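The values are calculated or read from the model by the stated rules, or taken from the named source; none is laboratory data. Here the structure is a predicted model, which is why all the values come from computation and not from measurement. Ideal geometry is used to build each Cβ from the backbone, glycine not excepted, and the neighbour counts take in all protein chains shown. Remember, those area values only see protein heavy atoms, side chains included, never the ligands or the DNA or RNA. Shrake-Rupley method; radii C 1.70, N 1.55, O 1.52, S 1.80 Å.
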Amino acid sequence: MMTLDEYGDGQVHPGRLGRWLRVGLLGGMTLVGCALFIGWYLLNASLATLDGTASMAGLSAPVLVERDSLGVPLIRASNRLDAARAMGFVHAQERYFQMDLMRRRGAGELSALFGSATVNLDESIRRHGLRGVAIASLRQLPANQQALLTAYTAGVNAGLASLGARPPEYFLLRSEPEPWRPEDSVLVGFAMFLTLQGDGGAMDFRRATILGALPPAAAEFFFPLASEWDAAIDDSVLPPAPVPGPDLLNFAAPNKPVATDSGVGAAGIELLPRAWRERMRFRGGSAEDDHLVPGSNSWGVHGAASATGGAIICNDMHLDLGIPNVWFRVCLEWTEAGGRNRRLVGASLAGVPTMVVGSNGDIAWGFTNATIDNADVVEIEVDPKSPLRYRAPGGWRKFDDVIETFIVRGGSVHRQRFQRTIWGPVIGDAGPGRKHVLLWTPQLSGGTDLGLLDMESAASVSEALALAPRCGVPVQNLLVGDRSGELAYTLMGRLPKRVGFDGSVPVAFGDGKALWDGWLSPEETPKFLAPAGSRLWTANNRVLGTSGYMALGTRDTDVGARARQIRDDLRALPAPVSEKDLMSIYRDDRAVFLERWQKLMLRVLAGPCPDSSSTAAARWLEARGWVENWGGRAATNSVGYPLVRAFRYRTLEHVVAPVIARCDSIRKGAVYVEDRHEAPVWAILEARPAHLLNPRFPTYDALLADAAQAILEEAGKAHPRLADATWGASNLVYFEHPLALAVPKLRRWLSLDPAPLPGDNGMPRVQGTGFGASERMVVSPGHEESGIFQMPGGQSGHFLSPYYRAGHEAWLRVEPSPLLPGPAQHRLVLQPEAP
């Protein structure tokens, strides 16, 4: 073998050394190049198939899948089952990892992918045994739903198998994707329940805590059902509760919690993290929007006032923003048994074979989260002679003792023991000899299904209203219109029929006097038919004032300012109203809700600064100029807007702090400052009752001055120059891929560039730093060619796909883009597999 001392003189010759170094470097570079080539080949091999042909078992005839310049697929099939197979194929090829995360979230199986970091989250879901519930639900589905789900599942697995390599996320996680199962689509539905409405019975605990801390009349004042901002579609007005007198509530007096037998003072379940509830203000240069809960806007115009002659439906669903986006655009065309050609277009959810919102040519529909109470905390008595039994109607019953076992990434096995009852899982102790159990709609028969499938064939508003209460989905405000011009509102989703109680606080079920007696029928479900030529709207607000609606548990509805602004925008549009006219409402970032707070802050800033230092005094004077010229909008270049909004939040905290302290003495963290405190706080600031003044401050003027000074200090820490404290600097919107959050070095490839955007929560253009409109849609059934649709991110979940970001810029700028797919750029034919 040749050595560097090949001349035998004991010397290392530089020429030889350089040659060997070059050979070694070349070899190393070759290995690296081969590895990069193989990696690049596998990444490209995992991209969706866009052109050519592919075979698929189970198809009755070829299916054509065309994609336009944004990657929106138009699926042309001979029947609905073939369309479902093709839809599953496309979902899997473009979004399988996202689908996998959704089913694992619904089942409590994320730890198999992410390890110990998600064990606690999985445990909280495992107590419900939702995979078993999903399997049981499948057996109860109607035959048409089962057939569709079977076809979709087969399509998903065919799409996954047709990829040249597994999706790239699995390479990074060093794992293999597991096949799709029919129950996984039900689990995706459970994941949406968890996202939209949670599972912890927090409403009941919060209300019980409030009633334990305050006299009932004071509780109704500080936590009102009504607000002067309410904009119900039936124009109902609920009178505000009067300001409590000193004989009822006095913050200067010692705190004496009201006696309660609810057990809320005992150890119970862990409520949602406090950080999730905290309101936005200046922190580290950005506005935290953890408190923003899933919501949405919808509005519509009756056909007698529309330019199309049919109703027009608008919808923007507000969810956490990320990449890929939660929705997947799709257009399906097939021929029904009677020979009618059917077209269905809108937003689907990868993992589910139905259309979530959109149009079928006869009707169009959209959703907003209804914030209706769909869970109850049941208080049960434990047998004093045996801790393994609990009281139920008819006598003592044994707890079902269940051990949930799941794999944690790395191979370890995690086991958790749970107790379950005829009503649901035990979620905590309620005091000596008592426990709390959660009764939750998805756990019950019919609570989750594919009933949304029937909306595809509904031909009129009246048919949709009859179908909506029978759909097993998270309870939603449904706005629906048809091509004849009819427009209506109702609640979609299963609503429990409560007997013997109102569901507002934990209640005992053991004696059988309180119970859920099935579901509300369509006849019992609140609904509203729009008069000819009128307009309707929903925005997570109180929608109606009827006794039937109010009895459903509406204490978590939005304060109403956003709904009112939408209502006023709608009513200001002259007839006939077009789709583009309605699209303008999406751009409305006027801060109507904060106008009176801007005037109040100006009055405060006209007074002396609490801090006499020259720096603070100079900032105080400068702030007055910014607030005076704030522009009245949540505009990215406004300095005054974030100052006014932060001043409002800090003032709410100051005024309500004594109430929160009383509630914390009973159950810490169950009650928090929220937008619904707007009405009582403003009433207090106008009346200035001495007995309701926060004892921390000598006067209300001092309270307001402290609020202003505090937020100016926060702004100064984040931005040495107040001129830099713009709303754009705070409202910088991030679009993160889940893996980029776990591995920041991947952010440059997986995530989108952050963007400063206008808008906020109290106006039609809802926008937070990681929250906002997950889609925007405008459509008149039968006139889909003039419909509008846009969403953040793109169609594909693969970062090398040309459709990973396609369409995102139009969403950022709120520019109209077509609802229907454009001219085909790619054509894929799915052929029936040869026998």
| query | Where Rh is the Kirkwood radius over the Cα pairs of segment 599-716, the temperature 37 °C and the viscosity 0.692 mPa s, what D in µm²/s does Stokes-Einstein return? | reply | 216
| note | Per residue, the convex hull enclosing the Cα atoms of segment 531-635 spans a volume in Å³ of 153
| field | Helix-only [θ]222 nm of the chain, DSSP H runs n ≥ 4, -39500 (n - 2.57) each, per residue, nearest 500 | value | -10000 deg cm²/dmol
| Could you give the dipole magnitude of segment 67-168 about its Cα centre, charging the beta-carbon of Lys and Arg +1 and that of Asp and Glu -1, in debye to the nearest 20? | 160
| Rg (Å, one decimal) plus Dmax (Å, integer) for the alpha carbons of segment 89-152? | 14.0, 40
| task | Sort L121, L130 from largest to smallest accessible area, using a 1.4 Å probe on the heavy atoms of the protein chains. | result | L121, L130
| note | On the accessible surface of segment 429-471, probed at 1.4 Å with all protein chains in place, carbon and sulfur together account for a percent value of 54
| For segment 118-220, which whole-number percentage of the solvent-accessible area (1.4 Å probe, protein heavy atoms only) is attributable to carbon and sulfur atoms? | 59
| task | Among (1) 12, 36, 34, 13, 5, 1, 0; (2) 13, 38, 36, 12, 1; (3) 14, 44, 32, 7, 2, 0, find the value of P(r) over Cα pairs in 20 Å bins from 0, in percent that was calculated from the structure presented, and write down its label. | result | (3)
| message | Just to confirm the filter: which GluC sites (Glu not before Pro) across segment 451-526 are DSSP coil and have at most 12 other Cβ within 10 angstrom of their Cβ? | response | E523, E524
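Given just the C-alpha atoms of segment 395-515, how large is their convex hull per residue in cubic angstrom?
Each residue corresponds to 169 Å³ of Cα convex hull volume.
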| task | Report relative contact order for the chain in percent, whole number only (criteria: Cα-Cα under 8 Å, sequence separation at least 6). | result | 20
| request: Could you state the orientation-averaged shadow area of the convex hull built on the Cα atoms of segment 707-799, in nm² to one decimal? | output: 9.4
| remark: Long-range amide H partners of K497, meaning residues 5 or more apart or on another chain whose placed amide H is closer than 5 Å, are D517, G518, W519, L520
| With all pairs of different alpha carbon atoms counted, what Kirkwood hydrodynamic radius in Å does segment 295-429 show? | 20.6
| field | Percent RCO, i.e. relative contact order, over segment 545-693, from Cα pairs under 8 Å lying at least 6 residues apart | value | 19
| query | Once Lys and Arg get +1 and Asp and Glu get -1 on their Cβ, which of V437, F799, G198 lies farthest toward the positive end of the dipole of the chain? | reply | V437
| request: Name the helices (complete DSSP H segments) of the chain with a Cα length along the long axis of 20 Å or more and a Kyte-Doolittle mean of at least 0.5, or state none. | output: 14-45, 182-197
| For R329, residues with placed amide H under 5 Å, excluding near neighbours | S348
| note | For the chain, the dipole about the Cα centre with charges only on Cβ (Lys and Arg +1, Asp and Glu -1), to the nearest 20 debye, works out at 1040
| Going toward the positive end of the dipole of the chain, with +1 on Lys and Arg Cβ and -1 on Asp and Glu Cβ, which of G446, L465, L520 do you reach last? | G446
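If you place +1 on the Cβ of every Lys and Arg and -1 on the Cβ of every Asp and Glu, how big does the dipole about the Cα centre of segment 400-508 come out, in debye to the nearest 20? Mind dumping the intermediate values first?
Working: 11 positive and 11 negative charges, 109 e Å.
Once rounded to the nearest 20, the dipole reads 520 debye.
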| note | Note: segment 170-232, point scatterers on Cα, Debye, no solvent; log10 I/I(0) at q = 0.13, 0.18 Å⁻¹ equals -0.66, -0.87
| query | Whats the longest run of the chain with zero trypsin sites (Lys or Arg not before Pro) that are DSSP loop and have at most 11 other Cβ atoms within 10 Å? | reply | 386-720
| Accessible area expressed per residue, the chain, with surrounding protein chains retained (probe 1.4 Å, Å²) | 38
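From the mean inverse distance of alpha carbon pairs (Kirkwood) and the Cα radius of gyration, derive Rg over Rh for segment 678-755. Could the numbers behind the result be given before it?
On the way: Rg = 20.3 Å, Rh = 16.4 Å.
Rounded to two decimals, Rg/Rh equals 1.24.
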| query | Suppose R0 equals 45 Å; then what is the FRET efficiency for R688 and A755 from their Cβ-Cβ distance, rounded to the nearest 0.05? | reply | 0.60
